[in-house]
Structures are given as C-alpha cells and as structure tokens.
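Notes for the one structure printed next.
The values are calculated or read from the model by the stated rules, or taken from the named source; none is laboratory data. Note that this is a predicted model, so its numbers are computed, not measured. Quick reminder, even Gly has a Cβ in these numbers, built from the backbone with ideal geometry, and neighbours come from all protein chains shown.
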Amino acid sequence: MKVREYIAETLKKRKMHMTLIDPAKQDPKESGDIALKAAKAGTDAIMVGGSTGITQENLDKTVEEIKKKTKLPVIYFPSGANAIARKSDAIYFMSMLNSRNVRNITREHAKGAPIIKKLGIEPISMGYVIVEPGMKVGEVGEADLVKREDLQTVIGYALTTEFFGMDMLYLEAGSGAPEPVPSAMIEAVRESVEVTIVVGGGIVTEKQAAEVAASGADIVVTGTLVENGEFESKLRRLVKAVHGA
Ligand code: 1GP
C-alpha cells in the first residue's frame, strides 16, 4: 500500500501522530533506537529531516537504521535537493508557500523531482506554511512568517494549497517553538479547506497535542520531545490523546 493510501485509510478511523527524527541531532543508530521507542509508543509514521546539517550520508544511514528497527512508513521531510532519502517510503514534496526565496517554493523541487522519479519514491504533495515564531526553519527558509492572529493570511495559503491540488497542508510553528500553532488558526483553516492538515512545532504535552487535534489537525507532529532522553511514556500518552481526539 502506498503511504498516501495508508494515511487516508487511517484518517478514516482516527487522527494520526508522526514522529520527526532529525539525522543531524544524533548518530544513525540512536535514531533507530528513537524510532523503535516511538513505534512502541504508538506513533503512526516516522518523518526524517531537519533544517540544517543534513548530508546524503547521515540521511541514508539514519533511514537505514530506522528501517532496521521498525516497519512504520518512513517519510522524508526535506530541506532541499542537496540530499534525497533514497530508502524512504515517501517524500513530502513540499512547497514553502510563504518563503521569499523561490528556491524554497519551486526551484529545489525542479532539481529534486527527476531524482525522485528515477528512484521511484512516492511524492506526497504539500503546502508548507510557517507561522510565528517560525524558529530555525522560518529563518533559513526566509519565510514571511504568518502572524499568530492573522487568520485571513493563513486561510489564503490554505486555499492556495487546496486550489493547487496538493494533498496536504502543514502548519509549522518551527521546531522547539515555545507554543504550538494557535487553536483559533487551526480551527479557521479546518473550516476553510478539505485537505489533510498537518500541524507541528512546539507540541510537547498531551494537552497541547489533544488541543491541536481537536482544533482540526488530522496529523500531529512532534520532534523535540524524542530528542531528550527518556520519552516513551510521555509520548505514549501524547499519541493516545491524538488518537482519541
Ligand atoms: C518541526 O514541526 C516539527 O518541523 C516538529 O517540531 O521539534 O517542536 O516538535 P518540534
């Protein structure tokens, strides 16, 4: 089954949680161990990526180790065409819609697309929108951050995603953000579009995850939570909150 189908089928039953693993934050073996623990905690897929420090070598080795440890789908969450996760099951083919730099909107894509085609990796199209504070990805992505109270602008990007025929919309507050994307923003977007909504950045507690899901996110992403030592029981509760929302 294709990853997009797996996601669509699962979303018919319940909301989903995905764990983001950054290959630049630990060595590949440790990434494999994190994936195994996340799988045991009930996460639905592993995303691999980061804003800086991704090389073809650490990316390939990380995906390899994750695949040794879990059968969950591995989705590459790219920051450019400089490295492509050859062994991933799918790739978020994502355009940073509010970047000022055309490189992040279509140019890296035009470089990467022929490689993705050749390798036979499943692309999942996605509009990627960076909301304040944006953190590192907002900075390196040269994003015109969407202000936290600016519902009109975010709805514009959400409709753009839908009208472009993209599968998913990712509302991103940035990894390590002090607070997730506001609930009012997720609700406004949910009312405006039918596309699958992914929300990430700054989600560390089960309460935050439950609120994000209840506000209308289909998929909740956490990354930082799994980077700091013992996380399994906390993640288990958070995933349960998402699945039950
Ligand atoms: C970053 O949205 C993801 O792209 C995850 O963010 O690291 O804050 O969980 P956190």
> Mind checking which residues of the range 72-93 are in contact with a Ser or Thr (Cβ under 8 Å, 6 or more places away or on another chain) and closer than 12 Å to GLY141 by Cα?
Replying inline: SER79
>> Can you pull out every residue in the range 115-136 that is farther than 14 Å from ARG86 by Cβ and either over 15 Å from the mean Cα position of the chain (by Cα) or of a type in the set (A, V, I, L, M) (or both)?
In response: ILE124, MET126, VAL129, ILE130, VAL131, GLU132, PRO133, MET135
>> I'm trying to understand the selection: among the residues of the range 211-245, which are more than 10 Å from the ligand (Cβ to nearest atom), surrounded by 20 or more Cβ atoms within 10 Å (Cβ to Cβ) and among the aliphatic types (A, V, I, L, M)?
In response: VAL212, ALA213, ALA217, ILE219, LEU235, LEU238, VAL239, ALA241, VAL242
> So which residues in the range 80-108 are surrounded by fewer than 19 Cβ atoms within 10 Å (Cβ to Cβ), of a type outside the set (S, T, N, Q), in contact with a strand residue (DSSP E or B) (Cβ under 8 Å, 6 or more places away or on another chain) and without any contact (Cβ under 8 Å) to a residue 40 or more places away in the chain, if there are any at all?
Replying inline: LYS87, ILE105
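Just checking: which of the strands (runs of 3 or more DSSP E) contained wholly in the range 166-237 hold 3 or more residues that are at pLDDT 95 or above and more than 18 Å from THR43 (Cα to Cα)?
Here the list reads 168-172.
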> Do you know which of the residues in the range 144-171 that are within 16 Å of the ligand (Cβ to nearest atom) and touching an Asp or Glu at 6+ places or on another chain (Cβ under 9 Å) is farthest from SER79 (Cα to Cα)?
Replying inline: ARG148
> What is the one condition in (1) surrounded by fewer than 19 Cβ atoms within 10 Å (Cβ to Cβ); (2) within 11 Å of the ligand (Cβ to nearest atom); (3) aliphatic (A, V, I, L, M) that VAL137 does not satisfy?
Replying inline: (1)
>> Just checking, does the range 9-32 include any residue being in contact with an Asp or Glu (Cβ under 9 Å, 6 or more places away or on another chain), among the β-branched types (Val, Ile, Thr), buried (at least 24 other Cβ atoms within 10 Å of the Cβ) and within 27 Å of GLY127 (Cβ to Cβ)?
In response: yes
> What are the residues in the range 18-48 that are touching a strand residue (DSSP E or B) at 6+ places or on another chain (Cβ under 6 Å) and either more than 16 Å from the ligand (Cβ to nearest atom) or assigned to a loop (DSSP other than H, G, I, E, B) (or both), if any?
Replying inline: THR43, ASP44
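Out of THR153, THR161, report the one residue that is surrounded by fewer than 19 Cβ atoms within 10 Å (Cβ to Cβ), under 23 Å from SER183 (Cα atoms) and among the hydroxyl-bearing types (Ser, Thr, Tyr).
Values: THR161 fails: surrounded by fewer than 19 Cβ atoms within 10 Å (Cβ to Cβ).
Only one candidate qualifies: THR153.
Taking the range 149-165, which residues are more than 12 Å from SER95 (Cα to Cα) and among the β-branched types (Val, Ile, Thr)? Talk me through it step by step, then tell me what you get.
Applying the first criterion (more than 12 Å from SER95 (Cα to Cα)) to the range 149-165 yields 149-156, 158-159, 162-163, 165.
Scanning the range 149-165 gives THR153, VAL154, ILE155.
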> Going through the range 171-183 one residue at a time, which ones are under 11 Å from the mean Cα position of the chain (by Cα) and surrounded by fewer than 24 Cβ atoms within 10 Å (Cβ to Cβ)?
Replying inline: SER175
> Residues in the range 116-130 that are buried (at least 20 other Cβ atoms within 10 Å of the Cβ) and more than 19 Å from PHE164 (Cβ to Cβ): how many?
Replying inline: 1
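Quick grid of which residues meet (1) touching a residue at least 40 places away in the same chain (Cβ under 8 Å); (2) under 24 Å from GLY176 (Cα atoms):
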| site | (1), (2) |
| --- | --- |
| LYS13 | no, no |
| THR19 | yes, yes |
| ALA24 | no, yes |
| THR43 | yes, yes |
| THR52 | yes, yes |
| ASN58 | no, yes |
| LYS61 | no, no |
| LYS67 | no, no |
| THR70 | no, no |
